[in-house]
Amino acid sequence: MLLTILLCAFVCCLVMLLVWLWARSIVNAGVVDIFWAFNFTLIAIILCICGTGLPMRKLLVCTMVFVWSMRLGIYLLMRVGSHLEQEEGRYKKLRGEWAPNANLKFFFFFQMQAISNIYLAIPFFLSCFNSAPDMNILEYIGAIVWAISITGEGIADAQLKKFKNNPDNKGKVCNAGLWNYSRHPNYFFESMIWIGYFITAVSAPYGWLAILSPATILFLVLRLTGIPMTEEQSIRSKGDAYREYQRTTSAFIPWFKTR
């Protein structure tokens, strides 16, 4: 397993080196998000080839990772790639804070994203090297949780895109569909996807280590780069309309409106 982990780390770091060179030339560090997602596709392919676990289990897990990675990567490619001339606000902020050594600091930032790929892939490594001769109920439950969650995330993304594409909604707060019950249904379902990966891997040897991935995702979403930064930007752009949305709508878990 160690050699496979090192191979995945080398490939991910190499990808991020090339992406950093591209980002430097176009002055847009936001492209890192696209290739962070696609790196999991490469990890899935490597694990499918090099994993020594039960073929059926390996195929199930690698398919789950491949589908999720490609869906997220393509979604980000369409969102970020269509505005390469406009760097996202959070990266502009970092560029200003890191001046005059922004390019060097972004290099290390990109490499840390590659390392995060390997860290978050812990459940995938555990599953694909699990030599148990038969599948168990937890693995099927994890796959079901994953399937429901990726469907929910896709619906939330589609509803938000449809809302934003309507010119009449410019400057308004999206409360269509799932967004009426959660301010961040996409983050909720993304977190549930990682919980699905954990459930699938927990029965493997040292499977308890798989909890690190969803725990880290939940911390990032709830406390660091997810909801806090998104809401800060939404208040700046939408003001009192978003404050009212905050007052009446669950921040994370979809739930009924507060009257």
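Is there a residue in the range 208-223 that is outside any helix (DSSP H, G or I) and within 23 Å of Gly73 (Cα to Cα)? Explain how you work it out, then say what you get.
Residues of the range 208-223 that are outside any helix (DSSP H, G or I), as a first pass: none.
The answer is no, given that none of the residues of the range 208-223 is outside any helix (DSSP H, G or I) and within 23 Å of Gly73 (Cα to Cα).
A Cβ distance below 7 Å, combined with a sequence gap of six or more or placement on separate chains, defines the contacts here; from the range 81-101, residues that are under 16 Å from Thr225 (Cα atoms) reach residues that are of a type outside the set (A, V, I, L, M) and assigned to a helix (DSSP H, G or I) in the pairs Gly89/Gln233. Criterion applied to Thr216, Thr230, Thr225 was being hydroxyl-bearing (Ser, Thr, Tyr) and touching a Leu at 6+ places or on another chain (Cβ under 8 Å), and the one residue passing it is Thr216. Looking at Phe124, Phe108, just one residue is touching a residue at least 40 places away in the same chain (Cβ under 8 Å) and either more than 23 Å from Lys162 (Cβ to Cβ) or among the aliphatic types (A, V, I, L, M) (or both), and that residue is Phe124. Filtered by the rule that a residue be more than 13 Å from Asn175 (Cβ to Cβ) and under 20 Å from the mean Cα position of the chain (by Cα), the range 233-259 gives Gln233, Ala251, Phe252, Ile253. Pairing each residue of the range 137-153 that is under 15 Å from Lys58 (Cβ atoms) with any residue that is of a type outside the set (Phe, Trp, Tyr), provided the two are 6+ apart or on different chains, yields C-beta distances under 6 Å for Glu139/Thr200; Gly142/Gly196; Gly142/Ile199; Gly142/Thr200.
Could you please let me know if Trp22 is surrounded by fewer than 18 Cβ atoms within 10 Å (Cβ to Cβ), in a helix (DSSP H, G or I) and not assigned by TED's automatic domain parsing to the domain that holds Gly226? Taking the combined requirement at face value, the residue satisfies it. Counting only helices (runs of 4 or more DSSP H) that fall entirely inside the range 97-191 and contain at least 1 residues that are under 15 Å from the mean Cα position of the chain (by Cα), outside the structural domain of Ala37 (by TED's automatic domain parsing) and modelled with pLDDT of 95 or more, the qualifying elements are 137-165.
Ala215 - would you say it is at pLDDT 95 or above, over 16 Å from the mean Cα position of the chain (by Cα) and of a type in the set (Gly, Ala, Ser)? No; evaluated as a whole, the condition is false for this residue.
The values are calculated or read from the model by the stated rules, or taken from the named source; none is laboratory data. This is a predicted model, so every value here is computed, not measured. FYI the Cβ positions are ideal-geometry reconstructions off the backbone, even for glycines, and counts take in every protein chain you see.
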